[in-house]
Amino acid sequence: GVDFINLSVQSGSKNAKLHDDVTENKGSWSETRKGIDNCRSLGIKLNIQTVLTHTNIDVYKEIMDEYSFANMFIFYRQIPIITPDPAFFKKKVLSNKDTKDIYKKIYRYGQKNGHKTYLFSRMPLCWWDKDDNVEKNIHAKTVSHCHIVNKTHFTVDVDGKVLPCPQFVNMPMMDLIR
C-alpha cells in the first residue's frame, strides 16, 4: 500500500495566487488542494514540500499552520546550476546565508508547534555551525550534495568542468572536455 504522498505546496489558501506564481501554473493551488483533500479522505499521510524562493519566503508559518495535519514538512532551496536569465536568481534563488537564516526560523517554528521539518538544500554542510544547537540539529536533518561527506571529493558539471564543490560553479579546477 501507500504509506505517504509528497505534495508540493507553495502557500496556504490565503495566498493561493502566490502558489500559482511560484509554480508558474495558473490554477495549480486549487488542483493541489483537491489532491490534499483526496489523500486525507482516503487516510493517506501527507508530506508537504515547499520550494523556498524570494517570493514565498514568508509563508512558512501559513503553510505549517494550515497543513498542521501533515506528517512532515520538507523545504527545498532551488538552485539551478545553469540558467539563461540572471533575473531568475534574483526572483527565485536564495543565497546560502538567506537559506540558513530562514531555515533556522522554520526549524524553531516547527519545533514550537510540534512539526517535523526537513531541509533539502545544495548548501554545503560545512556552512552549518555544529557548535550552535539549532544549526547542529538542522545539520543532522539536512540532505546536501556535499562531496567531501560523500567521499567523492569533486563534481563534474554538464560542460565537463571539474569543481571542488557544487557551490563553486564559477571556479573550475580543470576541464575534462578540452
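The numbers here are math on the coordinates, done by the rules we state, and not lab data. All figures in this text were calculated on a predicted structure; none of them were measured in a lab.
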### Query
What residues have an amide H closer than 5 Å to that of K116, excluding those fewer than 5 places away on the same chain, when H is modeled at 1.01 Å from N in the peptide plane?
F73
### Task
Measure up K14/K34; K105/K136; K105/K130; K26/K97; K26/K104 against 24 Å on the Cα-Cα distance and list the ones that go over.
K26/K97; K26/K104
## Note on the structure
Amide H proximity to Q49 below 5 Å, modelled H, separation 5+ or other chain, gives L7, S8, V9, I74
### Hz values of 3J(HN,Hα) by residue in segment 23-35 - Karplus curve (6.51, -1.76, 1.60), Gly and Pro given as x
7, 6, 8, 4, x, 5, 5, 5, 5, 5, 4, 4, x
### Summary
For segment 3-14, Karplus-derived ³J(HN,Hα) couplings (6.51, -1.76, 1.60; θ = phi - 60°; whole Hz; x for glycine and proline) come out as 7, 7, 10, 8, 10, 7, 10, 9, 6, x, 5, 5
